[in-house]
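**Student:** Quick one: this structure, given as structure tokens, is what I'll be asking you about.
The values are calculated or read from the model by the stated rules, or taken from the named source; none is laboratory data. In this text the structure is predicted, and so the values were computed from the model without any measurement. All Cβ positions, even for glycine, are placed from backbone atoms using ideal geometry, and neighbour counts span all protein chains on display. Just so you know, the surface numbers come from the protein's heavy atoms only, side chains and all, with ligands and any DNA or RNA stripped out. Shrake-Rupley method; radii C 1.70, N 1.55, O 1.52, S 1.80 Å.
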Amino acid sequence: MGEAGLQTRDLTYQAGAARLVDLPDLRLSPTGTTVIMGPNGAGKSLVLRLFHGLIRPDTGEIMLAGRGLDAGLRGKQALVFQKPVLLRRSARANLDFVLKARGLPRDRTPALLEQVGLAAHGERPARRLSGGEQQRLAIARALATDPEMLLLDEPTASLDPAATLAIERILGEVKAAGVKLILVTHDLGQARRMADEVVFLARGRVVEQGPAEAFFAGPETEAARAYLAGRLDALVEE
Ligand SMILES: Nc1ncnc2c1ncn2[C@@H]1O[C@H](COP(=O)(O)OP(=O)(O)OP(=O)(O)O)[C@@H](O)[C@H]1O
Ligand SMILES: [Mg+2]
């Protein structure tokens, strides 16, 4: 992915008069896992959707490796949502479908199922898999296109600890293989386990950003301190 990772330049997103996202100069580390945190309504999902090109900014641009984020670069990203949207077909057919759509060989399906621990479930209807299994299938589908960057919006928000851990293990392997991860989560334990870098957002703006270790050891802003301590009242003030 080159020297520079994802960057924004004068990026704003508005709804009416409300500026929901305002990121004049965000620079994410080109490697490892960036965890985006912040209270409900901070703009985390909007930011991921902007990064992935699902919505268009009102001003500014997103750069990747020093280039404007065009369709070619977006093709090197994949986005995983909190609630997977799967086809009413078998797990295997869900992966075959994506591979075919991208003109990739379908013989990769077994390895993808194996990678997410679903080798024994390939013929089961995707929508009858458990929540954790469905999310693992959604991650396999995202990985099918060999992304260089994986964006994840609260991928474990409705999963139990065991299913969450299974997904964290898969993401750990994906990161080790050199894929850049951008993970939105409200799960502080997960943020501590997964983050190399933290971006703390509130009201569409970066409140604080830094290496995970420093952020968790001593957040610099009252808003981040309050969030980490679970003091939700203080968040409203800052
Ligand atoms: N299309 C839209 N029009 C108007 N407001 C919007 C639109 N989309 C999102 N918003 C508002 O923008 C703000 C940010 O929304 P977003 O979904 O990005 O928050 P979030 O940080 O992901 O929150 P959560 O933690 O609850 O998922 C919210 O106040 C939301 O109501
Ligand atoms: Mg959200």
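**Student:** Condition check: within 26 Å of Glu173 (Cα to Cα), away from ligand 2 (no atom under 16 Å from the Cβ) and either free of Cβ contacts under 8 Å to residues at least 60 places away in the same chain or surrounded by fewer than 17 Cβ atoms within 10 Å (Cβ to Cβ) (or both). Does Thr31 satisfy that?
**Tutor:** yes
**Student:** Restricting to the range 125-158, count the residues that are within 16 Å of ligand 1 (Cβ to nearest atom), at pLDDT 95 or above and assigned to a loop (DSSP other than H, G, I, E, B). It would help to see each step written out before you state the result.
**Tutor:** Filtering the range 125-158 down to residues within 16 Å of ligand 1 (Cβ to nearest atom) leaves 151-158.
Checking which are at pLDDT 95 or above leaves us with 151-157.
Checking which are assigned to a loop (DSSP other than H, G, I, E, B) leaves us with 154-157.
So the answer is 4.
**Student:** Scan the range 1-13 for residues that are crowded, with 16+ Cβ neighbours inside 10 Å and in a loop (DSSP other than H, G, I, E, B) and jot them down.
**Tutor:** Listed by number, the residues that qualify are Met1, Gly5.
**Student:** Going by the conditions given, is Ala176 within 16 Å of ligand 1 (Cβ to nearest atom), farther than 15 Å from Leu79 by Cβ and of a type in the set (A, V, I, L, M, F, W, C)?
**Tutor:** no
**Student:** Could you look through the range 19-35, keep only residues that are assigned to a loop (DSSP other than H, G, I, E, B) and over 17 Å from Leu152 (Cβ atoms), and pick out the one that is farthest from ligand 1 (Cβ to nearest atom)?
**Tutor:** Pro30
**Student:** In the range 189-205, which residue that is touching a helix residue (DSSP H, G or I) at 6+ places or on another chain (Cβ under 8 Å) and away from ligand 2 (no atom under 16 Å from the Cβ) is least open to solvent (accessible area, probe 1.4 Å)?
**Tutor:** Taking the range 189-205 and keeping what is touching a helix residue (DSSP H, G or I) at 6+ places or on another chain (Cβ under 8 Å), we get 190-198, 200-202, 204.
From what is left, the residues that are away from ligand 2 (no atom under 16 Å from the Cβ) are 192-198.
Details: Arg192: 138, Arg193: 138, Met194: 20, Ala195: 16, Asp196: 70, Glu197: 24, Val198: 0 Å².
Ranking the candidates gives Val198 first.
**Student:** Kindly indicate which of Gly38, Gly43, Gly16, Gly53 is within 16 Å of ligand 1 (Cβ to nearest atom) and open to solvent by 50 Å² or more (accessible area, probe 1.4 Å). Walk me through how you get there before you give the answer.
**Tutor:** Working: Gly38 fails: open to solvent by 50 Å² or more (accessible area, probe 1.4 Å); Gly43 fails: open to solvent by 50 Å² or more (accessible area, probe 1.4 Å); Gly53 fails: open to solvent by 50 Å² or more (accessible area, probe 1.4 Å).
Going through Gly38, Gly43, Gly16, Gly53 in turn, just one is within 16 Å of ligand 1 (Cβ to nearest atom) and open to solvent by 50 Å² or more (accessible area, probe 1.4 Å): Gly16.
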